[in-house]
Number of protein chains: 2
Amino acid sequence: MEFKEAKNKFVQTWGALGSQWGINKTMAQIHALLMVSNEPISMEDIMEELQISRGNASMNLRGLMDWGIVYKEFKAGERKEFFTAEKDLDELAVKISRERSKREIKPTLKILKEVSTIEANNSAEEKHFVDQTSKLYDFVLKADNMLDKMTEFNDNWLGKLFMKMMK
Amino acid sequence: MEFKEAKNKFVQTWGALGSQWGINKTMAQIHALLMVSNEPISMEDIMEELQISRGNASMNLRGLMDWGIVYKEFKAGERKEFFTAEKDLDELAVKISRERSKREIKPTLKILKEVSTIEANNSAEEKHFVDQTSKLYDFVLKADNMLDKMTEFNDNWLGKLFMKMMK
DNA sequence: TTAAACTTTCAAAAATAATTGAAACTTATT
DNA sequence: AATAAGTTTCAATTATTTTTGAAAGTTTAA
């Protein structure tokens, strides 16, 4: 396989994966492209390489910047903007999990708390509902904390020790 | 908040969350409904409660069973089929992570290996591509293994120790 | 201040994904 | 073997999400 083919395959795969994870295809593709590029890329080049419109490129780049995983760069003497992706994978994982926690897990926890604290009458049905949603609340809270700790301690001794233990 | 309202809120929330994670809304809603129900539910009841068609209910129940998180049950004397969800959350997490690994991570690793092992010429561009995709391969492999180990040891002493360490 | 270079926005169009419903299929009962 | 009870399938429809492209907005430079 030659470079161009490999690069294309990577971008396509990352894009398809994105869809399965609720991220739109183009956004994932742009990210893929920036990840494997050794230098900043202009919007023009992204449009060209992925064959997408200016509007599409603009909106998805904005989206990636909102996630904190793509940055704008300015090149001396150049008028236009260039973009780079966070290339440190540990850092990328931290940012993604922080953001997902903020956007999805925290709001879900709020709802779970609400619905699990209703006054159940003594029917088995209502008791089970309260019981199950409470368990879910605890579980999600635990998972969220764990993920947070794991990313936080990612590359320190504690994390490394854990990796060894789990081998 | 009264029971019916809470239940509805939970089902809606779980459904919305599903979409963000690449699971279709109805599938997530059916799962939610079964999770908080203390007894098996028939397809009729699911259709009624979620106001969906027979075909939709059938296909999404099938999907949930393929994930291994919903089971068919037969009630003595009853002709029709009833459904229950896996209610043990640790078990649910294990099944979901196993399945996602099989469906998404493993195929991705295969591609990453392919594209990261091309013969790079000595341009910085190609070198960076190989380097970055190799790192990505290692990272994804490590994460996949970790998740596997974590769910496997979920409720044994090692897991519990880890939880304590991370507090 | 004007014009050029570039970016953002957003309503309309296109693409994709989910849903319906009725026919085909299965299984159990008489 | 015929019928009834129930389930699955899938082409057509409907709903949702993404993309386009051109107008409006910004910034820089002469």
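Values quoted throughout were computed directly from the atomic coordinates according to the rules given, and no laboratory measurement underlies them. Since this is a predicted model, take the numbers as computed values, not measurements. Backbone-built Cβ (ideal geometry, glycine too); neighbour counts: all protein chains shown.
Observations on the model:
- The simple spin-label model puts a point 7 Å past each Cα toward its Cβ; for B:Lys80 and A:Asp45 those points are separated by 6.1 nm.
- Relative contact order for chain A, counting Cα pairs under 8 Å that sit 6 or more residues apart, in percent: 14
- Of the residues B:Ile23, B:Ile118, B:Ile69, the one that moves most in a GNM of chain B with alpha-carbon contacts below 10 Å is B:Ile118.
- Cross-link reach is defined here as a Cα-Cα straight distance under 19 Å, omitting same-chain residues fewer than 8 places apart; for B:Lys80 the aspartates and glutamates meeting it are B:Glu39, B:Glu44, B:Asp45, B:Glu48, B:Glu49.
- Using only alpha carbons, the protein assembly as shown has a radius of gyration to Kirkwood radius ratio (Rg to Rh) of 1.02.
- Computed helical MRE - 222 nm, chain A, DSSP H runs ≥ 4 contributing -39500 (n - 2.57), nearest 500: -21500 deg cm²/dmol
- Over 28 Å apart at the Cα level, from the set A:Lys25/A:Lys110; A:Lys106/B:Lys75; A:Lys113/B:Lys95; A:Lys72/B:Lys110, are A:Lys25/A:Lys110; A:Lys106/B:Lys75; A:Lys72/B:Lys110.
- Using C-alpha pairs below 8 Å separated by at least 6 residues, the relative contact order for the range A:7-106 is 22 percent.
- Inter-chain Cβ neighbour count for B:23-30, averaged per residue, equals 0 (cutoff 10 Å, partner chain atoms only).
- Whole-Å distance, taken between Cα centres, linking the range B:77-118 and the range A:89-150: 21
- Think of chain B as having a plus end and a minus end, set by charges on the Cβ of Lys, Arg, Asp and Glu; of B:Gly22, B:Phe74, B:Leu136, B:Leu136 sits farthest toward the positive end of this dipole.
- Shortest-first nm distances, B:Lys110 label point to equivalent points in other copies (7 Å, Cα→Cβ): 4.2
- All other residues whose Cβ lies under 15 angstrom from that of B:Asn122 are scored, Lys and Arg at +1 and Asp and Glu at -1, for a net of -4.
- Choice from B:Lys127, B:Lys72, B:Lys87 with maximal GNM fluctuation in chain B (Cα, 10 Å cutoff): B:Lys127
- Kyte-Doolittle mean at least 1.6, axial Cα span of 27 Å or more - DSSP H helices of chain A: none
- Net charge in the neighbourhood of A:Lys7 (other residues with Cβ under 10 Å of its Cβ; Lys, Arg +1, Asp, Glu -1) is -3.
- Other copies of B:Lys75: label-to-label distances in nm, shortest first, labels 7 Å along the beta-carbon direction: 6.9
- Gap separating the Cα centres of the range B:5-72 and the range A:13-33, nearest whole Å: 27
- Gaussian network model of chain B, springs between alpha carbon atoms under 10 Å - residue of B:Leu61, B:Leu141, B:Leu34 with greatest fluctuation: B:Leu141
- For B:Glu73, the residues whose amide H sits under 5 Å from its own are B:Phe82, B:Phe83, B:Thr84, ignoring neighbours fewer than 5 places away on the same chain, with H placed 1.01 Å from N.
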